[in-house]
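Asks: I am attaching a structure below and will ask some questions about it afterwards.
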Amino acid sequence: MRCHQEATFNNHGSVKADGMSMILVMGVTGSGKSYLINQLAGREVVTEGCTLDSCTQDCQMVPVAIGNSKVLLIDTPGFDDSSRPDAAILNDIARVLAAQYSLGFELRGIIYVHRITDIRYSGSSVKTFEIFKRICGEEALKNVLLVTSRWNKIDEAVGASRERQLRESFWAYMLGRGSCMSRFHGDHPSAVGLASQLLIKDPVVLQLQHEMIDEGKDLNETSAGSFVDDGLEKLREEHLREIESLENLKRELKESDRAMKRQMQADWEKERARLRETEEQQVSLRRDVYQEVQSKIQDETESESSGLSRLIPLIPASLGLLAAIVGFPPGSIEQLSSIFLSVICPAPPCLA
């Protein structure tokens, strides 16, 4: 943990966020986060998932124009991602939030997307929502929009009943502290209406940001990080018990049971590999994300040019720095640049 440091917006000299607001979009895999962002953008700019496997494996930035506002949408992977562990996803989101704060982008809020077609909250949904709440913190709940999706896939009466259950039970705590609840009807006007609810709000600083910046905590010491770390510690203990059990069984096997011994050895090696992976995830949380981001910004700022600005001079330096810190999936930089240019340089209206 660093010494206490009072958080202040640091725009690093001439690097400005150019008046751009930011909205995070979160939720479980397959809830419709990417689809919502594509509806806001008016085209498919991020890959949409059609299965339970996540298409969004990294945080992705999408600039859009909403009315007169330039908005940076952040598409995030779900904490139930089939291909990436929770620790890696939390690290990514923490880096985005640290960079957003440092570069002066105004975070207007978070949209949390939930499928109204889900009969009940699954274990992964409960876990994802708990991490989400810990990232936000109670003071920021007024900047949270809880959104139900896939209304075209369910009978209206059934959906309304589930919506009422969410309002009265699972989401009651957050709604009682200022969060709002809305439906996403799957089209552009509905998406714009949702984002507009957050754009009229004052900028917000999330609990995770306070903990990393004001309190100088490593990621595993934050509320969200400790929750993920506790889960990893339980998993680590399970692996240790399984390894001990396999070692006891190996000792009890007779010398003639060679085939069984080979199988036991293979199982032991697999369990050891799982243990190492779990411990590596724990280590990845023991880091000062904010300080790492500050150092990265400093390095990029001192270079002749940074991030996307090397490719397209019209893009603000702050967006280039954010791109350098957050990173992009292969091929998405060119896609992002065309989106941003269409936002700041819209096509002229057609003449009759």
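Please treat every number below as a calculation from the coordinates, not as lab data. What you see is a predicted model, and the numbers here were worked out from it, not measured in a lab. Glycine also receives a Cβ, built like all others from the backbone with ideal geometry; neighbour counts cover every protein chain displayed.
Asks: For a Förster distance of 22 Å, can you work out the FRET efficiency between the beta-carbons of GLU44 and VAL192, rounded to the nearest 0.05?
Replies: The pair GLU44/VAL192 has a calculated efficiency of 0.85.
Asks: Shape call for segment 113-254 from the C-alpha gyration tensor, a ≥ b ≥ c root eigenvalues: rounded (a/c under 1.5), prolate (a/b greater than b/c) or oblate?
Replies: It is oblate, given that a/c is not under 1.5 and a/b is not larger than b/c.
Asks: With only alpha-carbon pairs counted, each pair once and no self-pairs, how large is the Kirkwood hydrodynamic radius of segment 219-285 in angstroms? Let's see the in-between values first.
Replies: Numbers: mean 1/r = 0.0757 Å⁻¹.
Evaluated on segment 219-285, it is 13.2 Å.
Asks: While we're looking at this one, here's another question. Can you tell me which of 234-245, 189-200 comes out highest on packing, and rank the rest after it, using the mean Cβ neighbours within 10 Å? Write down the numbers at each step before the final one.
Replies: Numbers: 234-245: 14.1, 189-200: 17.2.
Taking the mean over residues of other Cβ atoms within 10 Å, the ranking is 189-200, 234-245.
Asks: Can you bin segment 160-203 into rounded, prolate or oblate? Criterion: square roots of the alpha carbon gyration tensor eigenvalues sorted a ≥ b ≥ c, rounded for a/c under 1.5, prolate for a/b above b/c, oblate for the rest. Mind showing how you got there, number by number?
Replies: On the way: a/c = 4.77, a/b = 1.28, b/c = 3.73.
Verdict is oblate for segment 160-203.
Asks: How many nm is it between the label spots at GLN265 and ALA160, if each spot is 7 Å from the Cα in line with the beta carbon?
Replies: So the two model labels end up 6.7 nm from each other.
Asks: If I model a spin label at ASP257 and SER83 as a point 7 Å from the Cα along the Cα→Cβ vector, what separation in nanometres do I get?
Replies: 4.1 nm
Asks: Per-residue HN-Hα couplings for segment 258-264, Karplus 6.51 cos²θ - 1.76 cosθ + 1.60 at θ = phi - 60°, whole Hz, x for Gly and Pro?
Replies: So the Karplus estimates, Gly and Pro as x, are 5, 4, 5, 5, 5, 5, 4 Hz.
Asks: Right, next: Tell me whether segment 21-214 comes out rounded, prolate or oblate; compute the Cα gyration tensor, take square roots of the eigenvalues as a ≥ b ≥ c, and use a/c under 1.5 as the rounded threshold. Could the numbers behind the result be given before it?
Replies: Values: a/c = 1.27, a/b = 1.22, b/c = 1.05.
Since a/c stays below 1.5, the shape of segment 21-214 is classed as rounded.
Asks: While we're on this one: What does the charge count around SER125 come to, taking other residues whose C-beta lies under 11 Å from its C-beta (Lys +1, Arg +1, Asp -1, Glu -1)?
Replies: Working: positive: ARG115, ARG120, LYS127; negative: ASP80, ASP118, GLU130.
It works out to a net charge of 0.
Asks: Order of 117-128, 221-232, 37-48 by packing, highest average Cβ count within 10 Å first? Mind dumping the intermediate values first?
Replies: Working: 117-128: 14.8, 221-232: 20.7, 37-48: 18.6.
Highest to lowest by the protection proxy: 221-232, 37-48, 117-128.
Asks: Among 204-216, 270-282, what's the highest-first ranking by average C-beta atoms within 10 angstrom per residue?
Replies: Values: 204-216: 20.8, 270-282: 15.5.
Listed from highest to lowest mean packing, they are 204-216, 270-282.
Asks: Once the other residues with Cβ under 11 Å from the Cβ of LYS142 are scored (Lys, Arg +1; Asp, Glu -1), what is the net sum? All intermediate terms of the calculation are to be shown ahead of the outcome.
Replies: Values: positive: ARG177, LYS201; negative: GLU138, GLU139, ASP202.
Result for the neighbourhood of LYS142: -1.
Asks: If I take R0 = 35 Å and measure r between the Cβ atoms of SER182 and GLU238 in this structure, what FRET efficiency does the formula 1/(1 + (r/R0)^6) give, to the nearest 0.05? Display every interim value, and only then the final one.
Replies: Details: r = 40 Å, r/R0 = 1.14.
After rounding, the FRET efficiency stands at 0.30.
Asks: With a sphere of radius 11 Å drawn around the Cβ of ARG272, what net charge do the other residues whose Cβ falls strictly inside it have (Lys, Arg +1; Asp, Glu -1)?
Replies: Values: positive: LYS270, ARG274, ARG276; negative: GLU242, GLU247, ASP267, GLU269, GLU271, GLU277, GLU279.
It works out to a net charge of -4.
Asks: Given H placed 1.01 Å from N in the peptide plane, which residues other than close sequence neighbours of LYS70 have an amide H under 5 Å from its amide H?
Replies: SER21
Asks: While we're on this one: With an 8 Å cut-off on Cα pairs and a minimum separation of 6 or more residues, tell me the relative contact order of segment 76-187 in percent. All intermediate terms of the calculation are to be shown ahead of the outcome.
Replies: Details: 103 pairs, mean separation 32.6, N = 112.
The normalised contact order for segment 76-187 reaches 29 percent.
Asks: Over segment 219-285, calculate the relative contact order: mean separation of alpha carbon pairs under 8 Å at least 6 apart, over the residue count, as a percent. Please list the in-between numbers first.
Replies: Numbers: 39 pairs, mean separation 31.8, N = 67.
Relative contact order for segment 219-285 comes out at 47 percent.
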